[in-house]
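The values are calculated or read from the model by the stated rules, or taken from the named source; none is laboratory data. It should be emphasised that the depicted structure is a prediction, and the values quoted were computed from it without experimental measurement. Neighbour counts run over all protein chains shown; Cβ positions are idealised from the backbone, glycine included. All accessible areas refer to the heavy atoms of the entire protein, side chains included, with ligands and DNA or RNA removed. Shrake-Rupley method; radii C 1.70, N 1.55, O 1.52, S 1.80 Å.
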Amino acid sequence: MKGHLSQRGFQAAKKPIRVGLEIYNQAKENQFDAFENPKGAFLMNVAENHLCWEMLQEKIQSITKALKSS
């Protein structure tokens, strides 16, 4: 059965990647704009980590430098 999914894999593949993905995609296609789309949606399930960015930036840079040198 090379190249085929098991029954369990097939069932898992039919499920969305994450809960709310369909709603997120709908909101993304209908984003709020005060002038162009005042009845649009706000994307509320997107997170940005501004508090830890400096620490994350340093870590990401160190990882990419290590990958480049190897």
Solvent-accessible area per residue, Å², over the chain with all protein chains present [probe radius 1.4 Å]
102 Å²
Rg and Dmax of the chain, using alpha carbons, in Å: what are they?
20.0, 55
What aspartates and glutamates could a cross-link reach from Lys68, if we take a straight Cα to Cα line under 17 Å and drop same-chain neighbours fewer than 8 places away?
Glu58
For a quick check of your reading of the filter: which GluC sites (Glu not before Pro) in segment 34-70 sit in a DSSP loop and have no more than 14 other Cβ atoms within 10 Å?
Glu36, Glu48
Counting only protein heavy atoms, what percent of the accessible surface of the chain is carbon or sulfur at a 1.4 Å probe?
59 percent
